[in-house]
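The values are calculated or read from the model by the stated rules, or taken from the named source; none is laboratory data. This structure is a prediction, so every number in the text was calculated from the model and none was measured. In this analysis, Cβ positions are derived from the backbone assuming ideal geometry, glycine residues included, and neighbour counts consider all displayed protein chains.
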Amino acid sequence: MVTVILQPAGRCSWDEPVRIAVRGLAPRQPVTLRASLRDEKGALFRAHARYQADAGGLLDLARAPALGGSFTGLEPMGLLWALEPDKPFWRFVKRDVQTPFAVELEVLDGHKPDARRVLGRAVHERDFLRPGVRREPVRAGRVRATLFLPPGPGPFPGIIDIFGIGGGLMEYRASLLAGHGFATLALAYYNFEDLPKEIDSIHLDYFEEALCYMLQHSKVKGPGIGLLGISLGADICLSMASFLKNISATVSINGSGFSGNTAIHYKQTCIPSLGYDFRRIKVAFSGLLDIVDIRNDIVGGHENPSMIPIEKAQGPILFIVGQDDRNWRSELYAQIASERLQAHGKEKPQIISYPGTGHYIEPPYFPLCPASVHKFLNKSVIWGGEPRAHSKAQEDAWKQILTFFCKHLGGTQNIASPKL
Ligand SMILES: CCCCCCCCCC(=O)SCCNC(=O)CCNC(=O)[C@H](O)C(C)(C)COP(=O)(O)OP(=O)(O)OC[C@H]1O[C@@H](n2cnc3c(N)ncnc32)[C@H](O)[C@@H]1OP(=O)(O)O
C-alpha cells in the first residue's frame, strides 16, 4: 500500500518545513507528486514534480531530487514554494489566520503529464496561529490593529508589523512571528474599517498611538519595541524609528528610506515627497508594467531633503533587500541609507541583499508573486524575483529577522526543524 508520510504529522505552522516521504512504491518506480491549495477567494494554486523511488520503494523528498516539473533538483519544500495560481497575477495571501491552509498532496503513477492513476493522497494543514497563540482585535483610540500574544504569562518582546500600499489589515506575518515568542501588533493605517480609504499623507502621530498602546500593555516587555515593515510599511517603520522614542530595533524589508509619493509628517516636521514621473513607466511583457524607475532622481544622494533622517534612530536597523526588486531600487536605497548613517558618525548597518529576489519578500514557503495589481496605479506590474532564489531568500530572511529581534529585544528563538 502506498502511504504519504508527513513529519510533523497532521499539521504544522506555515513557516515550518515539513518532511514529505512516500512509502510502499515499487523499487525505482517513477511517480509524479502533485500539490494543490485553494485560497480563501477560491483561487487554485498548484505545483508538481517528477521523482523516482529508491531501490527499497521509498521516496524521501529530503534525499530525492525532482527530475522535472515545477522545479528540479533537491527541493524538499519545492511543492509549496513552487505553487502557481490558476488566475494570472494572483497574489498568495492569507486573510483569516485562524484557519489553516490545506495542501492536498497526491502521488500519481509514472511521469506522463496525463497520468491519472492516483496511488496515494494526504492532506497537510499549515497553520498561521501556533497552538496557544492568542489573537485579540484592537480598537483603542484611533488604533485599528490585531494583537497576537504567545502562550504563557509573558511579558514578551513586542513588535509592530506594517504592510505597504493597498492598506487593509494583513495579519499573517504578525501571527507567524507570535509563534516565535513575540507579542506582535499587525497595524492597519488605511483602507480598513473607519480608517481613511486612501492615503495622501502619512502622519506619525497615529503610529505613535500604536506604539504607546504596545508600551503600556502588561504582556509587552519594555523598554523598547521592535518594528517590521515591507515596502511603504518599511519606510513608515524607518520614520517611526527616526522620530519616536522607545524603538529598540527596526527591520526594513525592501523599504526605500525616502518619503516617496506621500509627505511624512510629525508634529512641526514634514519630509517632502521625492515625487515620480509616470513617463518612466516601461512595458515589460504581456502588458505588464515595469515601474522600477518612476521615482525622481535622488539629487544630493543621502543629503536629499526627502530622505528619512534615519541617523536619529536609537536602535539598530536591519535592511533586507531583494536585488531584483522591480518596485523600486531597494539595493541602491539601502546603500544610500548606509552612507547617510556613516556620514552622521553611526555604525554601518546590517544589509542583507539577496540575488534573484523581488519586492515581496514574505515568510518562508510563500510562493513568489511575479506580478500583480499595484494598488497605487491599478495596473499589473512586475515585482521581480526568480522562484527558487526568491524562496531561498525568504527562508533565510525569516531566520535573520528572528535572530535580529531576539538579539535586540531579548527573545528566545524557537525554530522547529523536523527529522524523519
Ligand atoms: C506608482 C507611483 C509610485 C507609488 C509608489 C508607492 C510606494 C509603494 C510602496 C509599496 O507599498 S509597493 C507595494 C504595492 N503593493 C500593492 O500594490 C499591494 C496590492 N495589494 C494586494 O496585493 C492585496 O493584498 C490583495 C490584492 C491581494 C488583496 O487586497 P484586498 O484585501 O483589498 O482585496 P479585495 O478582496 O478587497 O479585492 C480588491 C481587488 O483585489 C483583487 N484581489 C483580491 N485578492 C487578490 C489576490 N490574492 N491577488 C490579486 N488580486 C486580488 C480583487 O479581485 C479585487 O479586484 P477588483 O477591484 O478589480 O475587483
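Computed values, structure above
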{"quantity": "Residues that are in a loop (DSSP other than H, G, I, E, B), touching a residue at least 24 places away in the same chain (Cβ under 8 Å) and more than 27 Å from the chain's Cα centre (by Cα), drawn from the range 114-133", "calculated": "Ala115"}
{"quantity": "Residue satisfying all of: in the range 377-406; surrounded by fewer than 18 Cβ atoms within 10 Å (Cβ to Cβ) and either within 18 Å of Ile165 (Cβ to Cβ) or within 16 Å of the ligand (Cβ to nearest atom) (or both); nearest to the chain's Cα centre (by Cα) among these", "calculated": "Ser380"}
{"quantity": "Test: residue in the range 276-293 that is under 18 Å from Asp200 (Cβ atoms) and either near the ligand (Cβ under 10 Å from one of its atoms) or basic (Lys, Arg) (or both)", "calculated": "yes"}
{"quantity": "Close pairs (9 angstrom Cβ cut-off, 6 or more residues apart or separate chains): at pLDDT 65 or above in the range 405-416, part of a helix (DSSP H, G or I) anywhere", "calculated": "Phe405/Leu177; Gly411/Leu402; Gly411/Phe405; Thr412/Cys406"}
{"quantity": "Count of residues meeting criterion [among the aliphatic types (A, V, I, L, M), without any contact (Cβ under 8 Å) to a residue 60 or more places away in the chain, within 12 Å of the ligand (Cβ to nearest atom) and over 16 Å from Gln98 (Cα atoms)] in the range 165-215", "calculated": "1"}
{"quantity": "Residue among Leu25, Leu33, Leu79 that is away from the ligand (no atom under 16 Å from the Cβ), farther than 14 Å from Val103 by Cβ, of a type in the set (A, V, I, L, M) and modelled with pLDDT of 95 or more", "calculated": "Leu25"}
{"quantity": "Count of residues meeting criterion [surrounded by 15 or more Cβ atoms within 10 Å (Cβ to Cβ), at pLDDT 95 or above, out of contact with any Leu (no Cβ under 6 Å at 6 or more places or on another chain) and farther than 17 Å from Ile165 by Cα] in the range 258-287", "calculated": "2"}
{"quantity": "Residue in the range 150-160 that is within 16 Å of the ligand (Cβ to nearest atom) and of a type outside the set (Lys, Arg) present", "calculated": "no"}
{"quantity": "Hits in the range 85-100 (condition: within 13 Å of the ligand (Cβ to nearest atom) and under 30 Å from Pro131 (Cα atoms))", "calculated": "Pro85, Trp90, Arg91, Phe92, Val93, Lys94, Arg95, Asp96"}
{"quantity": "Any hit, the range 314-326, residues being touching a residue at least 24 places away in the same chain (Cβ under 8 Å) and within 11 Å of the ligand (Cβ to nearest atom)", "calculated": "yes"}
{"quantity": "Failed criterion for Gly301 (all others in (1) in contact with a Lys or Arg (Cβ under 9 Å, 6 or more places away or on another chain); (2) in contact (Cβ under 8 Å) with a residue 40 or more places away in the chain; (3) away from the ligand (no atom under 14 Å from the Cβ) hold)", "calculated": "(2)"}
{"quantity": "Residue that is farthest from Ile320 (Cα to Cα) [pool: residues in the range 243-256 that are more than 16 Å from the ligand (Cβ to nearest atom) and buried (at least 24 other Cβ atoms within 10 Å of the Cβ)]", "calculated": "Ala249"}
{"quantity": "Breaking point among (1) more than 16 Å from the ligand (Cβ to nearest atom); (2) of a type outside the set (A, V, I, L, M); (3) in contact (Cβ under 8 Å) with a residue 24 or more places away in the chain, for Ser259", "calculated": "(1)"}
{"quantity": "Condition met for Ala62 (touching a residue at least 60 places away in the same chain (Cβ under 8 Å) and crowded, with 19+ Cβ neighbours inside 10 Å)", "calculated": "no"}
{"quantity": "All positions within the range 264-274 that are without any contact (Cβ under 8 Å) to a residue 24 or more places away in the chain and touching a strand residue (DSSP E or B) at 6+ places or on another chain (Cβ under 9 Å)", "calculated": "Cys270"}
{"quantity": "Flag for Val299 being over 25 Å from Glu208 (Cα atoms) and surrounded by fewer than 22 Cβ atoms within 10 Å (Cβ to Cβ)", "calculated": "yes"}
{"quantity": "Subset of the range 313-354 (residues that are in a helix (DSSP H, G or I), within 23 Å of Gly164 (Cα to Cα) and not polar (S, T, N, Q))", "calculated": "Glu331, Leu332, Tyr333, Ala334, Ile336, Ala337"}
{"quantity": "Yes/no for Glu40 being within 22 Å of Leu176 (Cβ to Cβ), more than 16 Å from the ligand (Cβ to nearest atom) and part of a loop (DSSP other than H, G, I, E, B)", "calculated": "no"}
{"quantity": "Filtered residues of the range 316-350 (kept if in contact with a helix residue (DSSP H, G or I) (Cβ under 8 Å, 6 or more places away or on another chain), within 30 Å of Pro223 (Cβ to Cβ) and buried (at least 17 other Cβ atoms within 10 Å of the Cβ))", "calculated": "Pro316, Ile317, Leu318, Phe319, Ile320, Val321, Ala337, Arg340, Leu341, Pro349"}
